[in-house]
Amino acid sequence: MSYDMSLFINGAFHQSDNRLDVYSPYDNHLVGRTCRAGAQQIALAIRTAVDAFQITRRMPLYERAERLEAVVHELKENQEEFAWIICEESAKPISTARGEAARAISTFSDALEECKRLRGEQIPLDYDPGSRGRWGLIRRFPIGPILGISPFNFPLNLVCHKVAPALASGNLCRNRTISLSCEMYN
């Protein structure tokens, strides 16, 4: 198995001159190639996220739930492929990689269910005579695009742990996935 990945930003694939060969730590064979995001791609991804937030912050819960349900469906449809990519890239046993792919489905399924429970609260404030008959109201609001940094050891599941709650709460892009491959330098 070998793949060649592009950056997917704002509904379109983007190439980068800065490519990264991905080798298996098990036997050093080439697993695939991907793009590293440059300054232009990162700026485009940030602009896209900021623009999309104007839509997602007002998106009703049922629409968020529909989108999360679509992600769950796609993860299920491609579960075995995800498992093999994880196996190849990280030299994990296929059983462990399959467990990670299954956990990613659970993570998005949980976010789907929690999305339906994002409600406010009422708190009685009559803890002293001056606040008799008063109530506090708590509402939750999306705060904006998120940046999640995930380590290498669970490449799919740890991304899902950041993206799923962001989507459930309206903090990420509508119908857009931002996929960036970046490398940190010392």
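GLU80 - would you say it is in contact with a Lys or Arg (Cβ under 9 Å, 6 or more places away or on another chain), part of a helix (DSSP H, G or I), among the acidic types (Asp, Glu) and more than 16 Å from CYS160 (Cα to Cα)?
Working: in contact with a Lys or Arg (Cβ under 9 Å, 6 or more places away or on another chain): yes; part of a helix (DSSP H, G or I): yes; among the acidic types (Asp, Glu): yes; more than 16 Å from CYS160 (Cα to Cα): yes.
Yes.
When you go through (1) more than 26 Å from VAL31 (Cβ to Cβ); (2) under 20 Å from the mean Cα position of the chain (by Cα); (3) of a type in the set (Lys, Arg) one by one for ARG132, which number turns out not to apply?
Every listed condition holds for ARG132 apart from (2).
From the list ILE46, ILE85, ILE42, which residue is among the β-branched types (Val, Ile, Thr), in a helix (DSSP H, G or I) and surrounded by 16 or more Cβ atoms within 10 Å (Cβ to Cβ)?
On the way: ILE46 fails: surrounded by 16 or more Cβ atoms within 10 Å (Cβ to Cβ); ILE42 fails: surrounded by 16 or more Cβ atoms within 10 Å (Cβ to Cβ).
Checking each option against the conditions leaves just ILE85.
Considering each of HIS73, HIS14 in turn, give the residue that is over 18 Å from the mean Cα position of the chain (by Cα) and either surrounded by fewer than 20 Cβ atoms within 10 Å (Cβ to Cβ) or among the hydrophobic types (A, V, I, L, M, F, W, C) (or both).
HIS14
Among all residue pairs at least 6 apart or on different chains, which show Cβ distances below 9 Å where the first residue, located in segment 71-88, is within 13 Å of VAL31 (Cα to Cα) and of a type in the set (Ser, Thr, Tyr) and the second is at pLDDT 95 or above and crowded, with 20+ Cβ neighbours inside 10 Å?
Note: no pairs meet the criteria.
Taking segment 117-176 on its own, how many of its residues are of a type in the set (Ser, Thr, Tyr) and outside any loop (DSSP other than H, G, I, E, B)?
Result for segment 117-176: 1.
Would you check which residues across segment 115-151 are surrounded by 11 or more Cβ atoms within 10 Å (Cβ to Cβ) and in contact with a helix residue (DSSP H, G or I) (Cβ under 8 Å, 6 or more places away or on another chain) and list them?
Once the filter is applied, which keeps residues that are surrounded by 11 or more Cβ atoms within 10 Å (Cβ to Cβ) and in contact with a helix residue (DSSP H, G or I) (Cβ under 8 Å, 6 or more places away or on another chain), segment 115-151 yields CYS115, LYS116, LEU118, LEU125, PRO142, GLY144, PRO145, ILE146, GLY148, SER150.
The values are calculated or read from the model by the stated rules, or taken from the named source; none is laboratory data. Note that this is a predicted model, so its numbers are computed, not measured. Virtual Cβ from ideal backbone geometry, glycine too; neighbours counted across all protein chains shown.
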